[in-house]
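S.K.: My questions will all concern the structure given below.
The values are calculated or read from the model by the stated rules, or taken from the named source; none is laboratory data. Keep in mind that what you see is a predicted model, and the values were worked out from it rather than measured. Here the Cβ positions follow ideal geometry from the backbone for every residue, glycine too, while neighbour counts run over all protein chains shown.
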Amino acid sequence: MTGKYLQATILMVLLLWLGAGCSPSPLPEVRTTMERLQREGADRFLNAEYRSVEETLSTAEKLQQEPNSEEAERYLQLARLKARLLERNLAAEKTRLDEERKFREQAELERTAAEQLRLAKENEAEEARKQEEKLSRERERSLPVYHTVKRGETLPQIAAQHDVYNDSSLWPLLYRANRDQIRDPSYIWPGQVLLIPRDVSREELAEARKYAQERQIH
């Protein structure tokens, strides 16, 4: 960007240099322009370019105190040219900064929206989990905690019943909870009242299925 500005400056300097002799002194105009550009923040946004104009303008003002007024006029013309370039560059820089600001604001809005969506999904999932736990507890409370053995029933058949575990491979849970009256899980008797464990952890379920796989009964 600086290279383009330098080329444009050189070209305009050459043009102004050739016609400097017939133009009125631009000192008041340049001073007014520079004061306005300073108020607009040129010394902050484009400090190097701003200082360059000020240095050129100061040189012109010093030369005006000397007999060589033609040289002073040329420096004034150069200062005016630089001031015009600074004015255009400042407008371009402010436009760029404004676009960057809008881009950051849009990115922040999108980030906030994405975060809100993520939180909403997490809350929804958490609410669904709590609801499932509530329903599970309600189902457990409504299920029987004892089962009276009927003729011909086995532990896997009892475990497979809908109001027990609905899973025949969980029969070891019944066996372990009723070891006081069951010596061999292959043999149970009609009339026995078996305790049905309800508050069972995932580890206990996994262990029961593993045991059932290792020891098959009918």
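S.K.: Wholly within segment 61-179, which helices (runs of 4 or more DSSP H) include no fewer than the required count, namely at least 2 residues that are of a type in the set (Phe, Trp, Tyr) and more than 30 Å from PRO190 (Cβ to Cβ)?
M.R.: Per the criteria, 69-142.
S.K.: State whether the residues of segment 86-108 include one that is more than 30 Å from GLU49 (Cβ to Cβ) and aromatic (Phe, Trp, Tyr).
M.R.: no
S.K.: Scan segment 83-102 for residues that are of a type in the set (A, V, I, L, M, F, W, C) and in contact (Cβ under 8 Å) with a residue 12 or more places away in the chain and jot them down. So that I can check it myself, show each step before the final result.
M.R.: First, pick out the residues of segment 83-102 that are of a type in the set (A, V, I, L, M, F, W, C): 83, 85-86, 90-92, 97.
Passing the criteria: ALA83, LEU85, LEU86, LEU90, LEU97.
S.K.: Among the numbered criteria (1) buried (at least 21 other Cβ atoms within 10 Å of the Cβ); (2) modelled with pLDDT of 90 or more, which one does GLU54 miss?
M.R.: (1)
S.K.: In segment 174-191, how many are without any contact (Cβ under 8 Å) to a residue 12 or more places away in the chain and within 16 Å of ARG151 (Cβ to Cβ)?
M.R.: Looking only at that region, the number is 1.
S.K.: Can I ask one more? Return a yes/no flag: does segment 102-111 have any residue that is farther than 30 Å from ARG44 by Cα and not assigned by TED's automatic domain parsing to the domain that holds SER201. Don't jump to the end; show me each part of the working.
M.R.: To start, the set of residues in segment 102-111 that are farther than 30 Å from ARG44 by Cα comprises 110-111.
Still in the running and not assigned by TED's automatic domain parsing to the domain that holds SER201: 110-111.
Checked against the condition, which is being farther than 30 Å from ARG44 by Cα and not assigned by TED's automatic domain parsing to the domain that holds SER201, segment 102-111 yields at least one hit.
S.K.: Let me confirm something: among LEU170, LEU155, which residue is among the hydrophobic types (A, V, I, L, M, F, W, C), under 23 Å from LYS210 (Cβ atoms) and in contact (Cβ under 8 Å) with a residue 60 or more places away in the chain?
M.R.: Values: LEU170 fails: in contact (Cβ under 8 Å) with a residue 60 or more places away in the chain.
Within the list LEU170, LEU155, the selection yields LEU155.
S.K.: So which residues in segment 169-181 are surrounded by fewer than 17 Cβ atoms within 10 Å (Cβ to Cβ) and either under 18 Å from LEU143 (Cβ atoms) or of a type in the set (Val, Ile, Thr) (or both), if there are any at all?
M.R.: So in segment 169-181, the residues surrounded by fewer than 17 Cβ atoms within 10 Å (Cβ to Cβ) come out as 176-177, 179-181.
The answer is ALA177, and nothing else.
S.K.: Of the residues in segment 32-66, how many are in contact with a Leu (Cβ under 6 Å, 6 or more places away or on another chain), among the aliphatic types (A, V, I, L, M) and more than 18 Å from LEU97 (Cα to Cα)?
M.R.: 2
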